[in-house]
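Participant: Starting off with a structure, shown below.
The values are calculated or read from the model by the stated rules, or taken from the named source; none is laboratory data. Bear in mind that the values here come from a model prediction, so they are computed numbers and not experimental data. Virtual Cβ from ideal backbone geometry, glycine too; neighbours counted across all protein chains shown. Protein only, heavy atoms only, side chains kept; ligands, DNA and RNA dropped before computing areas. Shrake-Rupley method; radii C 1.70, N 1.55, O 1.52, S 1.80 Å.
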Amino acid sequence: MKIRPLILPLLTMLFVGTLLCAEARSGNSALHSKTASGTPSDEACGDTTVFALLDLSRPGLERVARLHTAGDDQAATQALLEYFRTRRGVVCPDVDLDSVVISADEQRWADEALEHRFFVHSGYQPSFFYGDDIDWQYWPVKDNELRWQLHRMKWWVPMGKAYRRSGDERYATEWCAEYLDWIRKNPLEGYDRGRSGDWSQADNVFFAWRPLEVSDRLEYQIQQFLYFLPARAFDGEFLLRFLDNYHRHAEHILGHFSASGNHLLFEAQRLLFAGAFFPEFRDAARWRATGVEILNREIRRQVYDDGMQYELDPHYHLESINIFFKALRMMDANGYRGEFPAEYLATVERMIDVHLNCSYPDYTTPLFSDNRQHDKAQLLASYREWMQVFPDNAFIRWRATEGREGSAPDYLSRAYATSGFYVLRNGWEQDATVMILKAGPKGFWHCQPDNGTFEIWSRGRNFLPDSGCYVYAGDKQVNDLRNWFRQTRVHNTLTLDGRNLETTDSKCIRWQTDAKCDILTVENPSYEGLTHRRTVWFVDRRFFVIEDRAEGEASGRVMLHWNLAEGSPEADSAACCVTTRYDDGNNLMLRVFGAEEMIPQEGWVSYRYRERHPRPACAFTADKRPGQTLRFITVLLPVDRAEDHRIEAVGRKDGIRVKIDGRKYNLK
């Protein structure tokens, strides 16, 4: 394998203190220390070396303090390195140095990094080559995520694992060189978040020093520090550079927190990590206190009373759980558990309850908003960690052990009415049928105009997966792709003239659950002059009947959109009927009553970032006059073979009469 090492003058510095003083004068260093209260300490005044950032009065740093006070910073640097290499009592729960595990993918990313082919994003594989002389501004596809996530250096932790498992110094030498190269080429200069403007034209500093990326580096450089600390390349001079850069990162976060949402949560959690793992910094207590204060405040602001995080996105709900949980675990591991109240822990448990209920038996979750499929092994790892904190929660234990321990809940269906997530199910095992429907308040950037959409999962197959997101944001080409997957018409809901929803403010009108029938009614003022009311009956907990009403003074073409899973279903346009044709005998029969015509539409589904698959989609339409109420009735029947079944339905003034294979059901 050809290796492209970076040869940098920074690795051969003769006078560390002189260089750092020069950086302090240039404004590119965080060497002016403050105490926990934010006031410069007497000891630190006038000291412009990295040692000024540290509390040298801490136990274990006595020799470092003596040497530094005597002016022998070279010896003090070596003593500081020895201190960290032998330090005890500070841990990172995510790292087990006695049992380092590296996956095949991580090993590949580590090896590719030696040749500057960097794993930046799973949606862009194979990895791009960033040059013999690394170009940290290279942007091969104008997707903002590709540019931002380059600065998360996802390949550095795998390099650390590869070094620890193999002892091969090449990984450590290359990591140190890349680390210093990044510092040199990405100075923190002229950062004013209000001036970032159009991201396609933004200066590099806004990508390299965006607070979310900075916080990511704060968290994962802890792991890199632990993996690479014994390496020859990780010498005293490098340690000082690392500590100076790390401190600069933490202080940057303090001055540039995001206003709200998951970004703010990530930044607070990772600042807390910095303060817990590096208590040697004079500012560590302030970092911990700030992180704790924000998380305690935001868990009350960002989590609805039913336990759902307010971005209304299953992916970011899970991320938020892990943010709150990881902060608790990090503080607990290092003796700071008491800084979180009991209410915090109870809220995290409620959030977990939402996640587990809004999951299918195969551990997948609905593709609502910007969600994507998650790796089951990673989910189980998280569940096992949750189980350690909530050992008496039988539901968490049941899911974490794949049913070997604990127990499923004694209920089936569940409503989270504040956030607008509703689960109708007839079981918890693989033979279950489950509908998860989303109809709630207005969300945020990650939440799509999809009110009323739902999925049906039955016996291991998701028959009506939501669209997913495919991509986030970037240039016009990237944004057009994102906007396609956000359209209301590519979700399982109702539109006027195929347009995106104008208003999202859905309310629960009815929720009733018993052994015979679960009933849900939600209502949303979707367009000016048009209210969409959707009622779902889970009849005998075997099949679904949906009534969609379009009411109000608006006129136009009302369209009911159904987007199916990949496959080649049989469509009968005259009967407004679609039936899947899977060879395993697990199928769904869908028939719509009240439509004037059935129109095939373009269909795609995205299970992962930058991954999409064609799928069948159709719209059932009817013209609406001003003041008229249009009424569609859809029956969704899980079947083995469609030809064995007959569906009829008719709307009545007081409800719906449905006939399935001759058996009549009166629904009210």
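Participant: In whole angstrom, how far apart do the alpha carbon centroids of the range 613-668 and the range 380-404 sit?
Facilitator: Taking the Cα centre of each part, the range 613-668 and the range 380-404 sit 40 Å apart.
Participant: Just in the range 411-487: which trypsin sites (Lys or Arg not before Pro) are loop by DSSP and have at most 14 other Cβ atoms within 10 Å?
Facilitator: Numbers: sites: 414, 425, 438, 442, 459, 461, 476, 482, 486; in loops: 442, 459.
Passing both the DSSP loop test and the Cβ count: 442.
Participant: Something else now. I want to check the label-to-label distance for residue 596 and residue 103. Put each point 7 Å from Cα in the C-beta direction and report it in nm to one decimal.
Facilitator: 5.2 nm
Participant: Quick check for you: with a 1.4 Å probe and neighbouring chains kept, what is the accessible area per residue of the range 273-375, in Å²?
Facilitator: On the way: 2810 Å² over 103 residues.
Per-residue value: 27 Å².
Participant: Counting only heavy atoms of protein chains, what accessible area per residue, in Å², does the range 80-151 have with a probe of 1.4 Å? Walk me through the numbers on the way to the answer.
Facilitator: Details: 3230 Å² over 72 residues.
Here the residues of the range 80-151 average 45 Å² of exposed surface.
Participant: Let me ask something else about it. Report the Cα centroid-to-centroid distance between the range 222-287 and the range 314-328 in angstrom, as an integer.
Facilitator: Taking the Cα centre of each part, the range 222-287 and the range 314-328 sit 20 Å apart.
Participant: What is the helix-to-structure angle for 16-26, meaning the angle in degrees between its Cα long axis and the longest Cα principal axis of the chain, kept from 0 to 90 and rounded to the nearest 10?
Facilitator: 60 degrees
Participant: Also, quick follow-up: Roughly speaking, what is the stretch gain from residue 407 to residue 641, that is 0.36 nm per residue apart minus the C-alpha to C-alpha distance, in nm to one decimal? Can you show the working numbers first?
Facilitator: Numbers: separation 234, 0.36 × 234 = 84.24 nm, distance 3.38 nm.
Extending this stretch completely gives an extra 80.9 nm.
Participant: Considering only C-alpha atoms, what is the centroid distance from the range 59-126 to the range 432-493, in Å?
Facilitator: So the separation of the two Cα centres works out to 41 Å.
Participant: Let me ask you something else. P(r) for the chain, please, calculated from all Cα pair distances in 10 Å bins and given in %.
Facilitator: With a bin width of 10 Å, the distribution comes to 3, 14, 23, 22, 17, 11, 7, 3, 1, 0.
Participant: Same structure, new question: Specify the angular offset, from 0 to 90 degrees and rounded to the nearest 10, of the alpha carbon long axis of helix 236-255 from the longest principal axis of the alpha carbons in the chain.
Facilitator: That works out to roughly 50 degrees.
Participant: Just the number, please: carbon plus sulfur as a percent of the accessible area of the range 186-241, 1.4 Å probe, no ligands or DNA/RNA counted. Present the calculation step by step, with values, prior to reporting the outcome.
Facilitator: Numbers: 800 of 1850 Å².
Its accessible area is 43 percent carbon and sulfur atoms.
Participant: Now a separate question. Let's test the formula: R0 of 35 Å, r as the Cβ-Cβ distance of residue 289 and residue 418. What FRET efficiency results, to the nearest 0.05?
Facilitator: On the way: r = 31 Å, r/R0 = 0.88.
That gives a FRET efficiency of 0.70.
Participant: To test your reading of the geometry: what angle, between 0 and 90 degrees and rounded to tens, separates the Cα axis of helix 314-333 from the longest principal axis of the chain?
Facilitator: The angle comes out at about 40 degrees.
Participant: Using the beta-carbon distance between residue 516 and residue 332 and R0 = 45 Å, what value does 1/(1 + (r/R0)^6) give for FRET efficiency, to the nearest 0.05?
Facilitator: Values: r = 46 Å, r/R0 = 1.03.
FRET efficiency, residue 516 to residue 332: 0.45.
Participant: Next question. Quick check for you: with a 1.4 Å probe and neighbouring chains kept, what is the accessible area per residue of the range 613-668, in Å²? Intermediate values should be presented prior to the final figure.
Facilitator: On the way: 2890 Å² over 56 residues.
Accessible area per residue: 52 Å².
Participant: Ignoring ligands, DNA and RNA, please state the percent of accessible area on the range 296-351 from carbon and sulfur, probe 1.4 Å.
Facilitator: Values: 910 of 1960 Å².
Here carbon and sulfur together make up 46 percent of the probe-accessible area.
Participant: Sticking with this structure for a sec: I need the trypsin sites (Lys or Arg not before Pro) found in the range 550-622, filtered to DSSP loop residues with at most 16 other beta carbons within 10 Å of theirs.
Facilitator: On the way: sites: 557, 581, 591, 608, 610, 612; in loops: 581, 610.
Listed in order of number, the matching sites are 581.
Participant: Suppose a student asked you for the relative contact order of the chain, using Cα pairs under 8 Å spaced at least 6 residues apart; what percent would you report? If you can, show how the numbers build up before the last one.
Facilitator: Values: 1306 pairs, mean separation 57.6, N = 668.
Taking the mean separation of contacting Cα pairs over the length of the chain, I get 9 percent.
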